[in-house]
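Here's the structure we're looking at; comments come further down.
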Amino acid sequence: MAWDPVAELTDEERKSFRRGGEDSARLWLNVPGPFWTGETDNCWTGRMEAPANVLYTAESAYCTEYVFRQPRDPAEVRAVAEAAWAEPIGEYHCDGDLRWTPAEVRAWWADRGRVALHLAESLADFGKGGSVADADAAAGVRDFQAYLDGGLAVDLRAYLFRLEEGRYPEAGERLPQL
């Protein structure tokens, strides 16, 4: 990833994100990166706009939205911006580079077992079926589980590079360890 996803946002799209999130607490499930959420509403609009990037917490955690995969291309940036616009209380943010440190990224990764447990709980909640929205949320949980077990480590290493070097890595550059 040699591009900056936040730089893809238009001025109009930036208005969808909350500025100065000092008073917002980052939801612990957000995957480290520039886009994140605090405690959102529970209207289930995020996956309608950004199914490749947004998921809901388990029903026992009030189904708040969070970013489970950072955007991988400009279309996904647009989708996350739409999810931010649709969320009525303004708890989507695009200033993660100012809010994550390399140590926090590594700590998040070290605690990924907690995330995996929450995903199992979420799958139990959403996997019961009964609605199209539940089936979609369950599919998203399975997608996050596969990502957690697969490509997320490489993406986090690229993000660590971004935080440490001030830019995303070019192809072939050595990535820091988690």
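The values are calculated or read from the model by the stated rules, or taken from the named source; none is laboratory data. None of the values given here were measured: they were computed from a predicted structure. Here Cβ is always computed from backbone atoms with ideal geometry, including for glycine, and neighbour counts include all displayed protein chains. In case anyone asks, the SASA skips ligands and DNA or RNA and just uses the protein heavy atoms, side chains included. Shrake-Rupley method; radii C 1.70, N 1.55, O 1.52, S 1.80 Å.
Results, tabulated for the structure shown:
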{"item": "Tabulated pairs, segment 150-178, first open to solvent by 80 Å² or more (accessible area, probe 1.4 Å), second part of a helix (DSSP H, G or I), C-beta under 9 angstrom, 6+ apart or interchain", "result": "Glu164/Pro102; Arg167/Phe161; Arg174/Phe161; Gln177/Arg106; Gln177/Arg157; Gln177/Leu160"}
{"item": "Any hit, segment 128-137, residues being over 16 Å from Asn53 (Cα atoms) and in contact with a helix residue (DSSP H, G or I) (Cβ under 6 Å, 6 or more places away or on another chain)", "result": "yes"}
{"item": "Odd one out for Ala58, checked against (1) in contact with a Ser or Thr (Cβ under 6 Å, 6 or more places away or on another chain); (2) open to solvent by 20 Å² or more (accessible area, probe 1.4 Å); (3) among the small types (Gly, Ala, Ser)", "result": "(2)"}
{"item": "Positions within segment 128-138 being surrounded by fewer than 15 Cβ atoms within 10 Å (Cβ to Cβ) and either touching a strand residue (DSSP E or B) at 6+ places or on another chain (Cβ under 8 Å) or of a type outside the set (Lys, Arg) (or both), in sequence order", "result": "Gly129, Gly130, Ser131, Val132, Ala133, Ala135"}
{"item": "Subset of segment 96-122 (residues that are in a helix (DSSP H, G or I), of a type outside the set (Gly, Ala, Ser) and either open to solvent by less than 50 Å² (accessible area, probe 1.4 Å) or at positive phi (or both))", "result": "Asp97, Pro102, Val105, Trp108, Trp109, Val115, His118, Leu119"}
{"item": "Given (1) modelled with pLDDT under 95; (2) open to solvent by less than 60 Å² (accessible area, probe 1.4 Å), number of the condition Ala25 does not satisfy", "result": "(2)"}
{"item": "Criterion: buried (at least 23 other Cβ atoms within 10 Å of the Cβ), in contact (Cβ under 8 Å) with a residue 40 or more places away in the chain and outside any helix (DSSP H, G or I) - qualifying residue of Pro34, Pro88, Pro51", "result": "Pro34"}
